[in-house]
Structures are given as C-alpha cells and as structure tokens.
1. Normalised by the residues of the chain, what does the relative contact order come to in percent, with Cα pairs under 8 Å and at least six apart?
2. Give the long-range amide H neighbours of VAL335: residues separated by 5 or more places, or on another chain, with amide H under 5 Å away, using H modelled in the peptide plane at 1.01 Å from N.
3. Residue separation times 0.36 nm, minus the C-alpha to C-alpha distance between LEU22 and LEU95: what's the value?
4. So if the hydrodynamic radius of region 239-301 is defined as the Kirkwood radius over C-alpha pairs, what does Stokes-Einstein give as its diffusion coefficient at 10 °C and 1.306 mPa s, in µm² per second?
5. Under the 0.36 nm per residue contour assumption, what length would be gained going from the current alpha-carbon distance of VAL285 and THR206 to full extension?
6. For Cα Rg over 2.2 N^0.38 Å, the choices are (1) 1.62; (2) 1.23; (3) 1.03; which was calculated from the structure?
7. Can you find, among MET278, TYR118, LEU220, the residue farthest towards the positive end of the dipole of the chain? Put +1 on the C-beta of Lys and Arg, -1 on that of Asp and Glu.
8. Can you compute the modelled spin-label distance between LEU175 and MET265, with each label point 7 Å from Cα toward Cβ, in nm?
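Derivation of every value follows stated rules applied to the coordinates shown; laboratory data play no part. From a predicted model like this one, the values you see are computed outputs, not experimental measurements. Note that we place each Cβ from the backbone using ideal geometry, even for glycine, and neighbour counts take in every protein chain shown.
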Amino acid sequence: MSRGAFWLMLRRIAVFAACVDLVYLVAFFALGMPVLALVNLLSAGMYAAAYALLGRRRNLPAVALMWTEVMGHAGACTILLGWDSGTHYFLLVFLPAVAVSRSPRYAIAAMGFVLAAYLGLDAATQTIPVAYPLDPGPLMALRWLSITVVFVMFGYTARYYTQRVHEAEGRLYDLATVDPLSGLWNRRHFLQMAHAEIDRASRHGTPLALVLADIDHFKLVNDQHGHDTGDRVIQHVAGLMRHQARTGDLIGRWGGEEFVMLLPMTDGNGALELSERMRASVEQVACQHAGVTVPVTMSLGVCEVLPGQPLDHAFKNADAALYTAKNAGRNQVCVAPLALPARPTTPQAARSLAEAPAHALPAG
C-alpha cells in the first residue's frame, strides 16, 4: 500500500472510531455511568485531533495520539468493566493497519507491543475486582457491541487494502500494456495479442486483416505548431480511430505517428471499408489545440492475413500498401494485392502495388 493510501486509511479509521465513541457515550449514559460516558467524549475529541493532524501531514503525532487513546481507553474500560465486557477487543483494531506497514521492523515491534498489552490486561483482570459490575443482559449487549464494532473495523480495513491493491495492479497493467499518449495498446502488447489472434483465426479458418496507418505530414505539424500540438494530434487521431473501430478490433500505436489495427472476422474488403471510414473521419474532423485548428489527414495500408501467414509477412504487405498510398499523394487507403486485388480508394492509388518496396516508411 502506498504511503498516501495508508494515511488516508488512518484518517477514515479516526472518523469511524470517533463515531463509535459517541455511540458508547450514549450507551454508558443509559447504563448510568456518566464517568465512562465523559471518557468516551474525550476519546472522540482525541480522534478529531488526530484527524486534523493527519490532514496537516503531522503523521507521527497523530499516530501517537491514536495509539494512546486506544491503549488507554480499552485498558481502562476492561479493568473497570471486566474482561467479559469485550472492550479488550479494541486493542486489536490497529493490527491490520500495522501489518501492511512498509517497515517490517515497525510492524513486528507494534504487534509484539499489542500482544504484550493484551496478555498483561488479561492477567490484570484476573486479580483486580470489577469496579462497575453489570447485569448479565447489559453485559452481553456491551460485549456484542464491542465484537460487532471490531468486526466491522477489520472488514473495512481488509476491504480498503484489497481495493488499493487492485488499483495498483490496474495501474501496473496499464503501464505495461497501454501507450500513455494515445491511450491505445502499446507496440509490445499489441504484438502479443496479434499473435494470439492469428493463431485463433488459423485454427477456426476465419478471415483476418491487418491495417497500418500513418498521419500525413506529421513532421510539419511539429515544426509549425510545436510538439505539444503534435501530441494533441496523435491523441485526436487515436480517439477517432477508437470511435470508428468495432468491438474486438485491436488498435495500437506502432510508434511516432504510426498506428496499427488487427481486425478479426474481417476480410480485405471489410478492412478497406473500415479504413476508409477512419480516413474520412480524420479528414473531416480537424484537431483543435490552444486555439489553433490543425487539419489532419491519414494514409492507410490494408493487408488480408492469409491462414498460416507469419505476422511479419503480413506487416511487410501492409507496409508496402501504406508506402504506395503515401507516394500516390497521401490521404487515401491502399490494399496489398497478396490476398485480394488492389482496390485503392482514389484513382491516384491505382498503380500496381507489386512494385512497392516493403521497407520502412519515410517520415511524414
């Protein structure tokens, strides 16, 4: 658990404990024990002070105050009311918080101290007479109230810790799989999913298509408007692509201004139609950033993945199609001829793709 989450948990415990003390204040007044009721009022005030100290990041005084309250209050009530009152259980409320401490030495020392206090209190009640004896009915009610409060406190602490662990795991997963700028899958995770999807398509004999996309003249955007605007353009295009994609489509940022898509259950014609919708959407919706309107276009290369075809082979074909779209004037979609006849979306892209070299695209 992070330090911030730990101190936030302690603040919530302070609020909960203060509310519990107010409940006991009413109970002790009803039982005709005004002294113990005033002790609970004092305890509620101590928790309020600890809450304020934690808010000011004066953590050590706050923890010391909370420890003093718990040890003194639980110990005094157990001595005065007897072991059967169940107030000794409150000595255990900090064990979950102590156990998740970052310092093993502190955790061991604190738990050892609580254990010693607990055993010492048990021994003391064997010899010290009860100062405020209660009838069996009220005594049982008080014991059940103590058990319930401690049970709820343990459950809340465990639940809070579990939620923080899940949140931390989610953040680690995002760092490992998501591109932080575009919000799409990063290159490494996309490749992992792509290999699994190709294996699935080969087993079931279902069509599969690969698309490479590149923002046109992206270097000019950075040169003319700055890298902040360039980053915003990447986010803008990524959002439009995500909006046009279907459930199950895999979209990733390949690097720089390049994107990649793997389209399950989609042949070359279906991939061409989806890519054209994305291209048109990017062309029609300009990017707005810092009061500047930046027109954006995108070129795409489409390749149908044949059964058993290696992924790197499919990438070479999609890359060749994208290279041709770039050389044909940009802002268009070209289809690699390996799996189906070339069907460029503009007359300029109708040149044969067989002559297109399968190498890295030129910048922009």
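1. 12 percent
2. Residues meeting the amide H criterion: VAL302, ARG343.
3. Details: separation 73, 0.36 × 73 = 26.28 nm, distance 2.27 nm.
Stretched fully, the LEU22-LEU95 segment lengthens by 24.0 nm.
4. Working: Rh = 12.7 Å.
Diffusion coefficient, whole number: 125 µm²/s.
5. On the way: separation 79, 0.36 × 79 = 28.44 nm, distance 3.37 nm.
Extra length from VAL285 to THR206 when fully extended: 25.1 nm.
6. The listed entry that was calculated here is (1).
7. TYR118
8. Taking the simple label geometry, LEU175 and MET265 are separated by 3.6 nm.
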